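Engineer: One structure, as structure tokens, below. Some questions next.
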Amino acid sequence: MPDETNTCQVRIEPWAEADLDLLYRLNTPEMLEHLGGPETEDELLARHKRYVEIERKGTGRMFGILLLPSLEAVGNIGYWERNWQGETVYETGWGVLPAYQGKGIATMAAAAAIASAKNERKHRYMHAFPSVDNPASNAICRKLGFQFVAECSFEYPPGSIMRCNDWRLDLNASVV
């Protein structure tokens, strides 16, 4: 008998003003355990503004993750420009609400975001920097063909150093 919990389908939609509620739902100690904890109200509103404006600025894209067929918002994913080791690359990151984790949703959404970045043909590489203590996000990188580069120190949130794994995906490589 097939495992129904792993047959979810998702769609990613560009981040919009209406997604502020989702950002509040993602701003919990459980969701941000590996990222320094929840943000203040002002930090959250500033993040939402950046998410809404990023595509217009041409520096990346942010998306809400919608569960099909209900179109329930269950997370977010995106990519943005970062200078990494002297090169402009895309950095990617995601979050899926706890009730929907472990169902392949982040992997499917990340695959869609990667396809979006590839279609732009703007940067050769996309990097992900999950905490060394976040096995689920590291597994997603592995599943999607990111290559492990090295463990590194990463400042996030500002003023706090965390240990991360640097995963790199060549956006110019063909899919095997």
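The values are calculated or read from the model by the stated rules, or taken from the named source; none is laboratory data. Because the structure is predicted, anything quoted here is derived from the model rather than measured. Note: ideal-geometry Cβ built from the backbone for every residue, glycine included; neighbour counts use all protein chains shown.
Engineer: Take segment 52-107 and flag every residue that is of a type in the set (Val, Ile, Thr) and free of Cβ contacts under 8 Å to residues at least 12 places away in the same chain.
Structural biologist: none
Okay, residues lined up against (1) basic (Lys, Arg); (2) in contact with a helix residue (DSSP H, G or I) (Cβ under 7 Å, 6 or more places away or on another chain); (3) more than 25 Å from Val52 (Cβ to Cβ):
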site	(1), (2), (3)
Arg82	yes, no, no
Gly95	no, yes, no
Tyr100	no, no, no
Gly104	no, yes, yes
Lys118	yes, no, no
Val149	no, no, yes
Asn172	no, no, yes
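Engineer: Go over the candidates Thr88, Thr92 one by one and state the one that is polar (S, T, N, Q) and touching a Phe, Trp or Tyr at 6+ places or on another chain (Cβ under 6 Å).
Structural biologist: Only one candidate passes the filter, namely Thr92.
Engineer: Listed residues Ala110, Ala173, Ala150, Ala106; which is hydrophobic (A, V, I, L, M, F, W, C), farther than 29 Å from Glu43 by Cβ and either buried (at least 19 other Cβ atoms within 10 Å of the Cβ) or modelled with pLDDT under 90 (or both)?
Structural biologist: Unique residue meeting the criteria: Ala173.
Engineer: State all residues of segment 44-71 that are loosely packed, with under 12 Cβ neighbours inside 10 Å and part of a strand (DSSP E or B); if no residue qualifies, say none.
Structural biologist: Leu68 - this is the single residue of segment 44-71 that is loosely packed, with under 12 Cβ neighbours inside 10 Å and part of a strand (DSSP E or B).
Engineer: Just checking, how many residues over segment 123-149 are outside any helix (DSSP H, G or I), of a type outside the set (S, T, N, Q) and free of Cβ contacts under 8 Å to residues at least 24 places away in the same chain? Break it down stepwise before answering.
Structural biologist: Step one: filter segment 123-149 for residues outside any helix (DSSP H, G or I), giving 123-134, 144-149.
Now narrow it down to the ones that are of a type outside the set (S, T, N, Q): 123-130, 132-133, 144-146, 148-149.
With the extra rule that they be free of Cβ contacts under 8 Å to residues at least 24 places away in the same chain, the set shrinks to 146, 148-149.
Final tally of qualifying residues: 3.
Engineer: Give the residue, chosen from Leu71, Leu44, that is at pLDDT below 95, among the aliphatic types (A, V, I, L, M) and on the phi > 0 side of the Ramachandran plot.
Structural biologist: Leu71
Engineer: For segment 160-167, state whether one or more residues are surrounded by fewer than 20 Cβ atoms within 10 Å (Cβ to Cβ), modelled with pLDDT under 95 and among the basic types (Lys, Arg).
Structural biologist: Within segment 160-167, one or more residues are surrounded by fewer than 20 Cβ atoms within 10 Å (Cβ to Cβ), modelled with pLDDT under 95 and among the basic types (Lys, Arg).
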